[in-house]
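The values are calculated or read from the model by the stated rules, or taken from the named source; none is laboratory data. Here the structure is a predicted model, which is why all the values come from computation and not from measurement. Positions of Cβ are generated from backbone atoms using ideal geometry, with glycine treated the same way; all protein chains shown enter the neighbour counts. In case anyone asks, the SASA skips ligands and DNA or RNA and just uses the protein heavy atoms, side chains included. Shrake-Rupley method; radii C 1.70, N 1.55, O 1.52, S 1.80 Å.
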Amino acid sequence: MLKDKKVILGVTGGIAAYKAVEIASRLKKSGAVVRVVMTEEAKKFVTELTFQEITGQPVTCNMWAEVQHFNVAHISLAQWADLVLIAPATANILAKADVGIADDFLSTMLLATKAPVVYAPAMNTNMFRHPATQAHIASLKARGAKMIEPASGLLACGAVGAGRLPEPADVMAEIEKIFSVMRSLAGKKVLVTAGGTIEPLDPIRFIANHSSGRQGYAIAAEAVSRGAEVVLISGQATVEPPAGLSKFVKTTTAHQMRAAVLADFADADIVIKAAAVADYRPKNVAENKIKKTDRDLVIELERNPDILKELGELKRPDQILIGFAAETQNLLQYAQSKLEKKNLDFIVANDVSRQGAGFQGDTNIIKIISRDGSTEDLPLMTKRELSSVIMDRAESKLK
Ligand code: PMT
């Protein structure tokens with residue numbers, strides 16, 4: 001599975017650096033081409049020569065030594081990699097990677113790479129549990145990085161708890177899993193909608209909602225990371241589209257979103273509608289600014305098309321159609337009724353009145369309700385983590 005995969009193994013300065021030698025060896029034996037990047041601190045625990053002999057490749061330690069191999073070395077190496085594994089990952093590298101400090105080769109390369117990055121944190125248990133480290137880990141995960149959970153036990157410093165680098169065989173199992181997920185949607189087309197629609201009232205005012213696009217954009221990013229051809233159709237959003245999309249369409253009104261969705265629906269394998277679409281729009285859009293008078297103003301609204309319902313009618317048995325339900329009461333009942341009316345494979349229900357759920361934040365709390373009547377209750381997670389669960393469920397339906 002790892003044959004000819006290009007892996008950068010970043011080794012940072014912790015006692016567990018000795019285990020990185022066996023990880024490098026196992027990666028090489030499974031067919032990967034391994035380039036090791038060491039920090040200066042890592043060199044105090046293991047030597048460059050060891051990694052060089054094991055991988056058969058030059059080892060990179062500082063910004064300037066490798067100019068004979070790579071033109072602007074940290075950029076070339078960053079672009080070369082299919083995957084970057086940082087093992088062991090110290091509290092220091094996690095913090096630097098999170099905030100974007102680029103003060104040595106490894107941290108600079110982490111900023112420049114578009115390859116998936118996997119961290120295997122290893123440190124004293126108090127350092128690992130410290131809110132600062134946990135915040136960096138959460139933030140990196142929210143941006144799509146993968147974490148290999150540290151093992152628990154007696155640590156080199158004498159403390160007992162979580163913080164040990166897992167055994168090399170376990171790290172390898174995680175890497176193989178990550179590579180298999182990276183290809184799991186190769187050849188499939190995933191259509192995602194995100195953000196909120198805007199319905200104009202006059203040239204100045206409009207009806208909108210609180211959607212930031214975060215949940216839908218995270219789903220699109222997850223589908224990209226699994227090798228799918230991803231079309232993201234967005235309403236108003238406050239976040240940047242993820243890298244690697246095949247197509248990005250920016251729309252304003254529900255009518256525009258409907259047209260864009262229908263144009264890409266027929267050959268989509270999985271369709272996920274996370275967008276918050278206005279059910280109604282002003283019946284008349286004033287050509288000029290509506291002037292205030294002494295009287296109240298009544299705005300007449302008319303129905304917008306229900307895009308998801310239309311897709312449910314068009315859907316072929318080989319297509320997977322997933323909707324969202326944003327509710328503030330009777331979550332399960334309303335979501336169930338949407339699942340049936342819109343002919344969905346499953347619906348992702350979020351009670352947007354709950355703290356940490358719904359609009360704008362980086363987290364959500366969801367229930368996944370399937371056609372077979374089963375309901376999966378997920379705890380508060382980042383939108384990126386939930387996207388991974390949603391894509392796992394979508395993939396299993398596809399099979
Ligand atoms: O963007 P964020 O800030 O990250 O917030 C995420 C979110 C809360 C917007 C997202 O998690 C979510 O719940 N999206 C759906 C919001 C919504 O409009 O729900 P709904 O119950 O009104 O619609 C049900 C489903 O029908 C949705 O899949 C919606 O895209 C679709 N729909 C609704 C109305 C309409 N006219 N056409 C549609 O296709």
Worksheet, complete the sentence: Magnitude of the Cβ-charge dipole (Lys and Arg +1, Asp and Glu -1) of the range 1-132 about the Cα centre, nearest 20 debye, reported as 440 debye
Discussion item. Quick check: Cα centre of the range 321-396 to Cα centre of the range 258-319, how many Å?
Written reply: 21 Å
Item to complete: Report the equivalent ellipsoid semi-axes for the chain in whole Å, largest first, defined as the square roots of five times the eigenvalues of the gyration tensor built from alpha carbon atoms.
Response: 45, 22, 21
Worksheet item: Hey, what did the range 319-398 get for relative contact order, percent, Cα under 8 Å, at least 6 apart?
Response: 25 percent
Discussion item. Run lengths n ≥ 4 of DSSP H only: what is the helix-derived mean residue ellipticity at 222 nm for the chain, with -39500 (n - 2.57) per run over all residues, to the nearest 500?
Written reply: -10500 deg cm²/dmol
Worksheet entry | List Phe179, Phe206, ordered by accessible area with a 1.4 Å probe, largest first | Phe206, Phe179
Fill in: Relative contact order for the range 194-327, counting Cα pairs under 8 Å that sit 6 or more residues apart, in percent
28 percent
Item to complete: Return one whole number: the accessible area per residue of the chain in Å², for a 1.4 Å probe.
Response: 47 Å²
Item to complete: Please compute the Cα-Cα pair-distance distribution of the range 235-359 with 10 Å bins starting at 0, giving whole percents from short to long.
Response: 10, 34, 34, 16, 5, 1
Worksheet item: HN-Hα J couplings of the range 113-123 from phi, Karplus 6.51/-1.76/1.60, θ = phi - 60°, integer Hz, Gly and Pro as x?
Response: 7, 10, 6, x, 10, 10, 10, 10, x, 8, 5
Fill in: Long-range HN-HN contacts of Thr363 with modeled amide H, under 5 Å
Lys383
Item to complete: Take the Cα radius of gyration of the range 141-300 and divide it by 2.2 N^0.38 Å, with N its residue count; two decimals is plenty.
Response: 1.52
Worksheet item: Quick one: what do you get for the range 78-226 if you divide its Cα Rg by 2.2 N^0.38 Å?
Response: 1.31
Response to the item:
Karplus ³J(HN,Hα) for the range 190-202 (6.51 cos²θ - 1.76 cosθ + 1.60, θ = phi - 60°; Hz, whole; x = Gly/Pro) runs 10, 10, 10, 10, 8, x, x, 7, 10, 10, x, 10, 7
Item to complete: Within 10 Å, count the other beta carbons around each residue, average over each peptide in 317-329, 22-34, 365-377, 292-304, and list them highest first.
Response: 22-34, 317-329, 365-377, 292-304
Fill in: Positive-end residue, the range 211-311 charge dipole about Cα centroid, Cβ charges, pick of Val298, Ala221, Leu262
Val298
Worksheet item: How would you classify the range 82-165 from its alpha-carbon gyration tensor, with a ≥ b ≥ c the square roots of the eigenvalues: rounded for a/c under 1.5, else prolate if a/b is greater than b/c, otherwise oblate?
Response: prolate
Worksheet item: In units of 2.2 N^0.38 Å, what is the alpha-carbon radius of gyration of the range 1-158?
Response: 0.98
Worksheet, complete the sentence: Among beta bridges assigned by DSSP with both residues in the chain, the antiparallel ones amount in percent, to the nearest 5, to 30 percent
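On the accessible surface of the range 257-399, probed at 1.4 Å, how many percent belong to carbon and sulfur atoms? Display every interim value, and only then the final one.
Values: 3620 of 7820 Å².
Result for the range 257-399: 46 percent of the exposed heavy-atom area is carbon or sulfur.
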Worksheet item: How large, in percent, is the carbon and sulfur part of the accessible surface of the range 94-160 at a probe radius of 1.4 Å?
Response: 59 percent
Fill in: the range 1-156: relative contact order as a whole-number percent, Cα under 8 Å and 6+ apart
23 percent
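Across every pair of different alpha-carbon atoms, what Kirkwood hydrodynamic radius in Å does the range 133-198 reach? Present the calculation step by step, with values, prior to reporting the outcome.
Values: mean 1/r = 0.0654 Å⁻¹.
Roughly 15.3 Å, rounded to one decimal.
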Discussion item. Under 20 °C and 1.002 mPa s, how fast does the range 4-53 diffuse according to Stokes-Einstein, given a Kirkwood radius computed over C-alpha pairs? Answer in µm²/s, whole number.
Written reply: 199 µm²/s
Worksheet item: Going down the table (Lys3/Lys44; Lys114/Lys247; Lys43/Lys96; Lys6/Lys177; Lys189/Lys315; Lys273/Lys397), which pairs top 21 Å between alpha carbons?
Response: Lys3/Lys44
